Structures are given as structure tokens and as C-alpha cells.
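Chemist: Before we start, here is the structure in question, set down as C-alpha cells.
The values are calculated or read from the model by the stated rules, or taken from the named source; none is laboratory data. The model shown is predicted, which means the values in this text are computed figures rather than measured ones. FYI the Cβ positions are ideal-geometry reconstructions off the backbone, even for glycines, and counts take in every protein chain you see. We work out accessible area using only protein heavy atoms, side chains counted, and drop any ligands, DNA or RNA first. Shrake-Rupley method; radii C 1.70, N 1.55, O 1.52, S 1.80 Å.
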Amino acid sequence: MTETEKTKEKNIIVVHDLWKAYGDLQVLKGLSLEVPQGSTVVILGRSGVGKSVLLRQILGIELPDKGFVEVNGLQISAMNESERYEAVKSMGMLFQGAALFDSMNVGENIAFYLRQHDKKIRENEIQERVADALEGVNLKDMQKKMPSDLSGGMRKRAALARLIVYRPKVILYDEPTTGLDPITAHHINELIVSTQKKLNATSIVVTHDLKSAVEVGNYLAFHNDGKIYYFAPKKEFLQSQDPMLADFLANAILTEKYLQQETA
Amino acid sequence: MKKVVSLLNVVGEYITLIFKVIWIILHRPPNWRLIRDQMYDIGVMSLPVVAITGFSTGMVLAAQSFFQLSDKGLASATGLMVTKAMMVELGPVLTAFMVTGRVGAAMCAELGTMRVTEQIDAIRSMAVNPLRHLVAPRFIAGIITLPLLTVFSCLMGMIGGFVVAVYYFHMTPNDFLDPLPLHITTFDFTSGLFKAFAFGCIIITIACYRGMTTKGGAAGVGRATTNSVVICYTVILIGNFLLTIAMNNCYNYISSLLEAL
């Protein structure tokens with residue numbers, strides 16, 4: 001086995017030369033990315049460059065115009081619909097706005113996956129797992145609350161519990177800390193790290209929050225102009241002398257400091 | 001030209017959605033609990049509005065028929081006029097209109113909101129087909145409950161007509177009811193039911209399609225909802241005319257064939 005094959009084998013998510021356009025707007029322009037098993041890759045970048053689009057492509061919610069996405073050795077973009085749903089069973093995504101189902105209470109939201117896919121599971125086991133998942137995100141006894149009764153941070157935590165309950169092997173996070181105060185954001189970051197450790201999951205976090213990226217990521221990537229412009233282990237990334245990256249990091253740090261002063 | 005292509009694209013997507021939903025229903029039907037909930041929402045919750053519409057239409061029809069026919073000595077046809085009109089035209093169309101306004105709009109708004117708040121993507125991300133979980137139960141519930149609501153609307157119309165004819169115009173109950181078995185045919189009944197079935201398909205699929213393809217936040221949801229109601233009303237009116245012509249021609253053709261045999 002060659003060195004390249006060994007490396008490829010360890011990569012749970014492989015994105016190769018991905019192109020995606022919406023009408024005349026070319027969002028992804030040959031994006032490639034490899035995510036090693038059990039690691040958390042944080043994709044940083046300015047708003048509107050297509051970071052979330054990448055997550056939707058990995059999950060098979062949208063299909064690329066060109067290129068492919070491979071998860072666990074299965075080419076998601078080449079599958080038919082039913083095969084894609086089968087492949088996605090071991091994946092999960094935390095959406096930017098939490099995306100809890102309005103018509104269900106928190107408990108029903110968290111039990112959704114189990115009720116859909118595990119026909120043999122007993123109701124008391126579902127309730128136990130829901131309670132455990134809620135306790136894991138510090139939302140004990142919140143089963144009966146409706147999503148509309150929860151704050152932004154609580155909604156994110158409930159959505160995280162909805163992921164934890166079915167123990168996915170690949171987790172995608174879309175702007176997990178956007179719109180949250182620094183303390184709640186820090187708490188969400190801690191939950192992401194603990195979830196990753198507990199489930200030994202492979203994760204991709206899309207954010208423009210540098211603090212969050214530093215807290216949760218093993219690898220950092222900079223997304224610019226439809227491509228991954230820079231990808232490196234966290235330390236190497238933060239010490240990079242690349243002018244564009246240095247500019248982004250400097251601006252991000254300044255914004256961070258300003259926000260912290262404002263909050264204080 | 002661009003608009004024509006875009007329109008054809010929308011029609012293509014809509015037809016694909018219908019086929020996909022039928023395929024899902026035949027191969028992996030949705031959970032019965034979801035269908036039951038939708039039947040309650042579409043059917044039971046629509047009963048009051050359908051009853052009021054049917055009853056008042058029956059009353060008006062009876063009054064107008066009596067006024068128009070009595071001076072020509074045809075007052076005894078009042079019951080027949082009311083029943084026939086309710087069964088073949090007004091029952092299915094008015095019920096479809098009421099369901100569009102009450103259920104179709106809410107359905108489109110609910111799915112549209114789910115779409116713009118990424119709830120539909122969340123369903124997909126948990127390996128559940130949203131067509132199976134959201135659209136198929138509504139579709140099944142719609143095509144079952146619309147004919148039932150139509151029958152109920154016709155009954156209410158007949159009762160409304162009967163009340164006006166007997167208690168206001170002092171017709172005897174027999175005058176109102178006697179012509180019915182002679183002139184109301186099985187075809188009248190089945191054509192009304194078939195129309196209701198077709199309208200059920202139209203309302204649910206248009207509302208679900210517009211909801212599932214909503215874009216542009218809260219404003220987009222509002223636009224999609226208005227749009228779906230307008231499209232439903234238009235398609236129901238045009239569809240009603242085409243179905244009336246097609247079914248009557250088919251009926252006449254089959255009758256002539258049977259007579260020839």
C-alpha cells in the first residue's frame with residue numbers, strides 16, 4: 001500500500017474538485033478537502049463564500065455540478081436518492097438556526113430519528129435516551145417545552161441533543177455559535193468538543209468565529225473564492241504568514257476584541 | 001423565452017413531485033399516525049365551514065329555483081334542481097374552494113416556513129425523505145377526505161334546500177323529494193365524487209409544491225401562500241369545466257355503445 005493510499009484510507013470525508021452554481025452565481029469553484037477520521041476541521045471564511053453550500057453537498061441535500069463527495073468511502077454525489085438516504089444515516093448536521101421542528105416538543109424532536117429508523121426500539125428506551133441526551137447538553141427535564149419557548153442558545157443545545165441521541169459518525173456544524181453571546185458560544189464549543197470525543201466523530205465546523213475555530217478545531221481551513229485557500233493543523237494555520245490569511249486573522253481578532261468589549 | 005423555460009421547469013418539477021409521491025405511497029407508505037392526523041386537520045376541522053357553505057348554498061338554490069320555476073308551474077322541480085346542482089357542480093367546487101382557503105393556504109405556509117427555517121433540510125439530514133414524511137400523508141388524507149367532505153356538503157345543501165322549500169315556501173316534503181330517485185343517476189353521484197377526488201389531488205399537490213419550493217424568508221412564505229391559493233382556485237375552475245365536458249362525453253359515448261349492444 002502506498003503512502004497516498006494509506007492517507008486516503010484515513011480520510012472519512014473526501015471532497016474532490018467540487019463545482020456548484022446557482023444561476024449565474026458560481027459558488028464553489030473546484031473545492032477539494034480531506035477530513036481525517038476522528039478529527040474536527042473548521043472551515044473559516046467570509047460570509048457568503050459558500051461554506052454552508054459545501055455542507056449541503058456533503059450531506060447530499062444538494063448535488064454538485066461537477067466533482068464528487070465521498071463519505072466513509074461511499075460517493076454521495078453518485079448515488080440515487082434512496083441510497084443517499086441510507087448513506088446519510090450515519091451523518092448529522094447542526095443547522096445555523098437549529099432547525100428544530102416547530103410542531104413537535106423538544107422531546108419529540110430529539111426522539112425523531114429513533115422513531116423513524118429504529119422500529120424495534122421500545123418507548124421507554126427512547127425516553128431514556130432522550131433524557132440522557134438532554135442531560136448531556138444541560139437541558140434536563142425540557143422534554144415538554146416547545147422550541148418557541150427556548151432561547152437561541154437552548155435551541156442550539158436541543159438541536160445538538162437531537163444529533164447526540166443517534167450517535168452519528170460524521171457531524172457537520174453550520175455556524176454553531178453565530179448570534180450567541182460569548183459565554184453561551186463558549187458553552188456550545190465545549191459541547192462540540194465533548195461530543196466529538198464521546199462519539200469519536202469526524203466533524204466539519206463552518207464558522208467565521210475565530211475563537212470558536214480555535215476552541216474546537218484540530219485542523220483549520222480558509223475558504224476563499226469557492227476553494228479551500230489554505231488548510232493546515234491549527235497551530236500551523238494560526239502562525240501562517242500568508243498575506244490574505246494574515247489579513248483575515250487580524251480582522252477576525254479585532255472584531256473578536258471589539259465584541260468582547262461591547263459585551264463587557 | 002426565459003420565462004417560458006422557467007414555467008416549463010416549474011410544471012416539470014410539479015409533475016415529478018406528484019409521481020414521486022405516488023411512487024412512495026405505493027412502495028413505502030407513510031406512517032398511519034401521520035395520515036390520521038392530516039385527515040383530522042383536513043377533514044374534521046373543515047366540517048363547520050363546509051357545513052355552513054353547503055347549507056347556505058342549498059337554501060339560496062332552493063329560493064332561486066322556486067322563484068324562477070313556480071310561475072311556470074315547475075315548482076316541484078325545486079328539490080331536483082338543488083340536489084343535482086349540489087351533487088355535480090356546486091358541492092365539489094365549493095368544498096374544494098373552502099378546503100383551499102382553510103387547508104391549502106395553511107399547508108403551504110407551514111411547509112414554506114419549514115423550508116426557509118431549514119427544517120426540511122433537517123429532516124433530510126436525518127435520512128428521512130420529506131416527501132414521505134410531509135407530503136405523502138397530506139396527499140393520502142386529501143384524496144380521502146375531499147370526497148367525504150363533498151358528500152357532506154351535498155347533504156347539507158339538500159337539507160338547506162329542503163328547509164327553505166318546505167318551511168318557507170310551504171312545499172310538501174314529497175314534492176321536494178319525489179323527483180330525486182327518478183332523475184338523480186349513479187353518474188351524477190360518481191362524477192361529483194370523481195371531481196372531489198381530482199380537486200383533492202390538485203389542492204394538496206399545489207400547496208405542498210409551493211411550500212416545499214419556498215424561498216426568501218417570511219416574505220417568501222407569504223408570496224408562496226397567496227400564489228398557491230390563486231393557482232388552486234384557477235386550476236379548480238378550469239379543471240371543473242374540463243372534467244364536466246370529458247365525463248359527460250365519456251358517459252354519453254359509453255351509454256350509446258351499451259344501447260347499440
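Chemist: Give the lysines reachable from A:LYS144 as a straight Cα distance under 27 Å; neighbours fewer than 8 places away on the same chain don't count.
Modeler: List returned: A:LYS89, A:LYS119, A:LYS120, A:LYS156, A:LYS198.
Chemist: Over chain B, what percent of the accessible surface lies on carbon and sulfur atoms, probe 1.4 Å? Could the numbers behind the result be given before it?
Modeler: Numbers: 9340 of 13020 Å².
C and S fraction of accessible area: 72 percent.
Chemist: Pull up all non-local amide H partners of A:ILE121: gap of 5 or more, or a different chain, and H-to-H distance under 5 Å with H placed in the peptide plane.
Modeler: none
Chemist: Over segment B:58-133, give the accessible area per residue in Å² for a 1.4 Å probe, as an integer. Kindly include the intermediate steps, with their values, before the conclusion.
Modeler: On the way: 2630 Å² over 76 residues.
Heavy-atom SASA per residue in segment B:58-133 reads 35 Å².
Chemist: Would you list which aspartates and glutamates come within 16 Å of A:LYS29, measuring only between C-alpha atoms, while excluding same-chain residues fewer than 8 positions from it?
Modeler: Leaving aside aspartates and glutamates fewer than 8 places away in the same chain, those within reach of A:LYS29 are A:ASP17, A:GLU62, A:ASP65, A:ASP225.
Chemist: Under 25 Å Cα-Cα from B:LYS195, which lysines qualify once same-chain neighbours fewer than 8 residues away are excluded?
Modeler: B:LYS20, B:LYS84
Chemist: Can you give the charge dipole size of segment B:111-261 about its Cα centre, rounded to the nearest 20 debye, using +1 on the beta carbon of Lys and Arg and -1 on the beta carbon of Asp and Glu? All intermediate terms of the calculation are to be shown ahead of the outcome.
Modeler: On the way: 8 positive and 6 negative charges, 179 e Å.
The dipole magnitude comes to about 860 debye.
Chemist: Karplus couplings for segment B:117-134 from phi (6.51 cos²θ - 1.76 cosθ + 1.60, θ = phi - 60°), rounded to Hz, Gly and Pro as x?
Modeler: Residue by residue, segment B:117-134 yields 9, 6, 5, 5, 5, 5, 4, 4, 5, 9, 6, 10, 6, x, 5, 6, 7, 9 Hz.
Chemist: Say a paramagnetic label sat at a point 7 Å from the Cα of A:LYS198, along Cα to Cβ; which residues of segment A:135-163 have their backbone N under 14 Å from it?
Modeler: Under cut-off, by backbone N: A:135-141, A:157-163.
Chemist: Among bridges DSSP assigns within the protein assembly as shown, what percent are antiparallel (round to 5)? Please report the intermediate quantities before stating the final value.
Modeler: Values: 22 of 40 bridges.
Beta bridges within the protein assembly as shown, antiparallel portion: roughly 55 percent.
Chemist: Could you give each residue of segment B:45-61 its phi-based ³J(HN,Hα) in whole Hz, using Karplus coefficients 6.51, -1.76, 1.60 with θ = phi - 60°, and x for Gly or Pro?
Modeler: 5, 8, 4, x, 5, 5, 5, 4, 4, x, 4, 5, 5, x, 5, 5, 4
Chemist: Something else: Which entries in the list A:LYS197/A:LYS234; A:LYS169/B:LYS215; A:LYS51/A:LYS211 go over 28 Å, if you measure between the two C-alpha atoms of each? Can you show the working numbers first?
Modeler: Values: A:LYS197/A:LYS234 17 Å; A:LYS169/B:LYS215 31 Å; A:LYS51/A:LYS211 18 Å.
Among A:LYS197/A:LYS234; A:LYS169/B:LYS215; A:LYS51/A:LYS211, the Cα-Cα distance tops 28 Å for A:LYS169/B:LYS215.
Chemist: Follow-up. Keeping all protein chains in the complex and leaving out DNA, RNA and ligands, what accessible area do you get for B:MET59 with a 1.4 Å probe, in Å² to the nearest 10?
Modeler: 70 Å²
Chemist: Round to the nearest 10 and report in Å² the accessible area of A:SER52, as given by a 1.4 Å probe over the protein chains' heavy atoms.
Modeler: Approximately 40 Å² of A:SER52 is accessible to the 1.4 Å probe.
Chemist: Under the Karplus relation 6.51 cos²θ - 1.76 cosθ + 1.60, θ = phi - 60°, what is the ordered set of whole-Hz ³J(HN,Hα) values for segment B:13-23, x standing for Gly and Pro?
Modeler: Once rounded to whole Hz, the list reads 4, 5, 5, 4, 4, 4, 5, 4, 5, 5, 4.
Chemist: Under a point-charge model restricted to the Cβ atoms of Lys and Arg (+1) and Asp and Glu (-1), what is the dipole moment magnitude of the protein assembly as shown relative to its Cα centre, in debye to the nearest 20?
Modeler: Roughly 360 debye, rounded to the nearest 20.
Chemist: Still on this structure, I have one more. Computed FRET efficiency, Cβ-Cβ of A:ALA232 and A:LYS144, R0 51 Å: what is it to the nearest 0.05? It would help to have the intermediate numbers written out before the result.
Modeler: Details: r = 46 Å, r/R0 = 0.90.
That gives a FRET efficiency of 0.65.
Chemist: In segment B:1-120, with Lys and Arg counted as +1 and Asp and Glu as -1 at Cβ, which of these residues, B:THR78, B:ILE35, B:ILE24, has the Cα nearest the positive end of the dipole, that is, farthest along it?
Modeler: Checking the options against the dipole of segment B:1-120, the answer is B:ILE24.
Chemist: Something else: For A:TYR229, what residues show an amide H to amide H distance below 5 Å, using hydrogens built from the backbone and excluding near sequence neighbours?
Modeler: Distant-sequence amide H within range of A:TYR229: A:PHE222, A:HIS223, A:ASN224.
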